[in-house]
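Okay, so here's the structure we're looking at.
The values are calculated or read from the model by the stated rules, or taken from the named source; none is laboratory data. Just so it is clear, the model here is predicted, and its values are computed rather than measured. Positions of Cβ are backbone-derived with ideal geometry, glycine not excepted, and every protein chain shown enters the neighbour counts. Surface accessibility is based on the protein's heavy atoms, side chains included, excluding ligands, DNA and RNA. Shrake-Rupley method; radii C 1.70, N 1.55, O 1.52, S 1.80 Å.
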Amino acid sequence: MAHQKIRKAVFPAAGMGTRFLPATKATPKEMLCLVDKPLIQYGVEEAVAAGCTEIILISSRGKTTMEDHFDSNPELEASLLAKNKTALLEIARSVSRLAKVTVTRQPEPLGLGHAVLMAKEIVGNEPFAVILPDDIVDADIACMRQMVEAFNETGCSILGSEVVEGDAISAYGCLDCTPLASNPRLLEVKNMVEKPAPGTQPSQNAIIGRYILTPRIFEMIENITPGAGGELQLTDAIKALLQHEKVYGYSYIGKRHDAGDKQGFLRATVELGLKHPKLGSDLRAWLKSQTF
Ligand code: UTP
């Protein structure tokens with residue numbers, strides 16, 4: 001059966017980024033530069049590689065540089081053109097041509113579920129992708145593209161998942177799930193536990209910052225009760241969705257970098273820097289020459 005196409009990708013980016021202070025006092029976390037481009041550009045490129053044509057940024061006060069980044073900059077372009085810097089001109093232009101970008105605001109950071117709810121009118125009645133910009137997934141086939149294929153197979157909501165060993169799983173939402181015999185990367189979800197206490201996890205399958213959700217999720221978010229700090233948790237809404245529809249985890253192929261805190265960001269900088277086609281080999285040689 002042909003399922004609806006995943007055309008829209010929602011980027012919750014209205015948080016305060018407190019773990020990065022002081023860097024994020026006046027600069028959005030999502031605009032911190034990882035190697036040579038802002039964090040959020042990685043996610044937007046992934047969505048585009050998955051076939052999405054509309055990006056919905058959930059923004060907040062003081063974060064307009066995000067939308068500026070994806071807009072054209074005629075002054076910059078004219079200046080580069082006048083100086084005949086065509087390669088740089090192409091880089092500047094290509095960012096604004098990635099996709100149609102729509103911005104809506106979350107007035108207060110009332111949780112991930114609440115952030116996604118802000119996209120309700122723009123998304124309308126179709127399944128959509130959600131990408132958390134601080135999870136960077138390095139993969140030969142874009143993680144979201146793999147998930148779109150899983151959606152095309154099932155027609156159900158798909159939660160990006162990876163195995164997290166030992167007690168480290170306690171920092172994640174965790175799936176109680178069974179792999180399908182026909183495709184063991186697809187995990188049929190029975191239940192979900194947010195940050196299970198060590199030893200109580202139903203599996204080692206963590207939920208990462210990639211989702212494909214059916215539009216019924218909006219009704220679920222509207223009906224859940226706020227948890228700690230008045231926040232509406234997306235996990236609670238997906239649990240409610242499970243009462244009505246099947247939901248699958250998808251064990252993607254690739255490597256995730258948690259760039260949402262300082263240590264993860266530093267490690268991602270080194271790993272992705274070393275893999276960068278232009279910067280990598282010099283960086284590797286320099287690192288080798290150092291006596292740390
Ligand atoms: P995080 O919890 O990692 O981001 O949420 P944060 O709240 O900005 O960071 P800290 O914990 O204070 O350091 C994951 C993503 O969800 C967005 C964030 O902007 C981030 O991209 N988010 C989170 C929202 O858009 N709204 C919210 O209410 C919460």
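Would you work out the relative contact order for the chain, in percent, from Cα pairs under 8 angstrom that are 6 or more residues apart? Show your work: numbers first, answer last.
On the way: 544 pairs, mean separation 62.4, N = 292.
The normalised contact order for the chain reaches 21 percent.
The string of couplings for segment 287-292 from the Karplus curve (6.51, -1.76, 1.60, θ = phi - 60°) is 4, 5, 7, 8, 10, 7 Hz, one whole number per residue in order, with x for Gly and Pro.
The eigenvalues of the Cα gyration tensor, multiplied by 5 and square-rooted, give segment 189-228 an equivalent ellipsoid with semi-axes of 23, 15, 9 Å from largest to smallest. For segment 1-154, the tally of Lys pairs with Cα-Cα distances below 20 Å comes to 13, considering only residues 8 or more apart or on different chains. In straight-distance terms, cross-link reach from K195 covers every one of the lysines whose alpha-carbon lies under 20 Å from its own, apart from those fewer than eight places away in the same chain; here that gives K239.
Restricting the count to DSSP beta bridges whose residues both fall in the chain, what percent are antiparallel, rounded to a multiple of 5?
Working: 26 of 44 bridges.
Within the chain, antiparallel bridges account for around 60 percent of the total.
In segment 4-58, the C-alpha radius of gyration followed by the widest Cα-Cα span (Dmax) gives 12.8, 43 angstrom.
Beyond 35 Å, how much of the Cα-Cα pair distribution for the chain remains, as a whole percent? Don't skip to the end; give the middle numbers.
On the way: 7835 of 42486 pairs.
Counting every Cα pair in the chain, those more than 35 Å apart make up 18 percent.
Placing +1 on each Lys and Arg Cβ and -1 on each Asp and Glu Cβ, with no other charges, gives segment 16-117 a dipole about its Cα centre of roughly 240 debye.
When you count, for each residue, the other Cβ atoms within 10 Å and take the mean per peptide, how do 38-47, 232-241 rank with the highest first?
Details: 38-47: 23.3, 232-241: 21.4.
Per-residue Cβ counts within 10 Å, averaged per peptide and sorted highest first, yield 38-47, 232-241.
Listed by chain and number, the aspartates and glutamates placed with their C-alpha closer than 13 angstrom to that of K275 are D36, D138, D140; residues fewer than eight positions away on the same chain are left out. Counting only alpha carbon atoms, the long axis of helix 262-275 and the longest principal axis of the chain meet at about 60°.
Taking only protein heavy atoms into account and a 1.4 Å probe, give the accessible area per residue of segment 52-156 in Å². Mind dumping the intermediate values first?
Numbers: 5170 Å² over 105 residues.
In whole numbers, segment 52-156 has 49 Å² accessible per residue.
So for segment 17-158: antiparallel DSSP bridges make up what percent, rounded to the nearest 5?
Details: 2 of 8 bridges.
For segment 17-158, the DSSP antiparallel bridge percentage is about 25.
Helical runs (DSSP H, four residues minimum) scored at -39500 (n - 2.57) apiece and divided by the length of the chain put the mean residue ellipticity at 222 nm at -9500 deg cm²/dmol. With the cut-off at 1.5 for a/c, could you classify segment 50-155 from its C-alpha gyration tensor as rounded, prolate or oblate? Oblate is the answer for segment 50-155, as a/c is 1.5 or above yet b/c matches or exceeds a/b. Here the calculated FRET efficiency for L279 and N191, from their Cβ-Cβ distance with R0 = 45 Å, stands at 0.55, rounded to the nearest 0.05. With all protein chains in place and a 1.4 Å probe, the accessible surface of the chain carries 53 percent carbon and sulfur. Computed from label points 7 Å out along Cα-Cβ, the spacing between N223 and A92 is 5.1 nm.
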